[in-house]
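These notes concern the structure reproduced below.
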Amino acid sequence: MSRLPHVHNFRDLILYQKARQLAQAIFTISKQFPREEAYSLTDQVRRSSRSVGAQIAESWGKRRYENHFISKLTDADAEQYETQHWIETATDCDYISANQAKQLLNQCTEIGRLLGGMMSKSNQFCNPQALREPSPEYFTESPG
């Protein structure tokens, strides 16, 4: 379905690979968060960062319909923004250094940029014949 010969599944996407790297970095760094944050900040930042890759994978399955594909990519972008919020919260609480936060935020920004590019070029990932409903036929002549 994809017109990109080098992309056979979502795992081949650099975007997906970067999303997984971000989720792993968040997981590793969040191990040092205080125990009292386990069900709040730690859980939230891990869930949002993991959801980015999950939404990208899910979008791959929605490529038959371009609008669904874009919708899932939009969800992934929203999750990376949420992840940015939690990273900044962790920085405000002095759980991570400004340098660590900067590196993670740079990863989020790059993922957001790649998501934007993928959305703007969605027709290259989708099957144009399968994604649009046929135009409706309108009858302009009165029966007679």
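Each value in this text was obtained by applying a stated rule to the coordinates, not by laboratory testing. Treat the numbers as computed from the prediction; the structure is a model and nothing was measured. Cβ coordinates were reconstructed from backbone atoms using ideal geometry, including for glycine residues, and neighbour counts include every protein chain displayed.
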The stretch 75-117, residues that are surrounded by 14 or more Cβ atoms within 10 Å (Cβ to Cβ), more than 15 Å from the chain's Cα centre (by Cα) and acidic (Asp, Glu): 88
Residue within the stretch 69-84 that is in a loop (DSSP other than H, G, I, E, B) and farther than 14 Å from residue 19 by Cα present: no
Checklist (1) within 16 Å of residue 16 (Cα to Cα); (2) without any contact (Cβ under 8 Å) to a residue 12 or more places away in the chain; (3) in contact with a helix residue (DSSP H, G or I) (Cβ under 8 Å, 6 or more places away or on another chain) applied to residue 98, failing item: (1)
Residue match in the stretch 62-85 (condition: touching a Phe, Trp or Tyr at 6+ places or on another chain (Cβ under 6 Å) and without any contact (Cβ under 8 Å) to a residue 60 or more places away in the chain): yes
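Are any residues in the stretch 54-74 among the acidic types (Asp, Glu) and closer than 13 Å to residue 118 by Cβ, and if so, which ones?
If we filter the stretch 54-74 for residues that are among the acidic types (Asp, Glu), which is where we start, we get 58, 66.
Result: 66, single match.
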Tabulated pairs, the stretch 21-34, first touching a residue at least 40 places away in the same chain (Cβ under 8 Å) and in a loop (DSSP other than H, G, I, E, B), second surrounded by 15 or more Cβ atoms within 10 Å (Cβ to Cβ) and polar (S, T, N, Q), C-beta under 7 angstrom, 6+ apart or interchain: 33/42
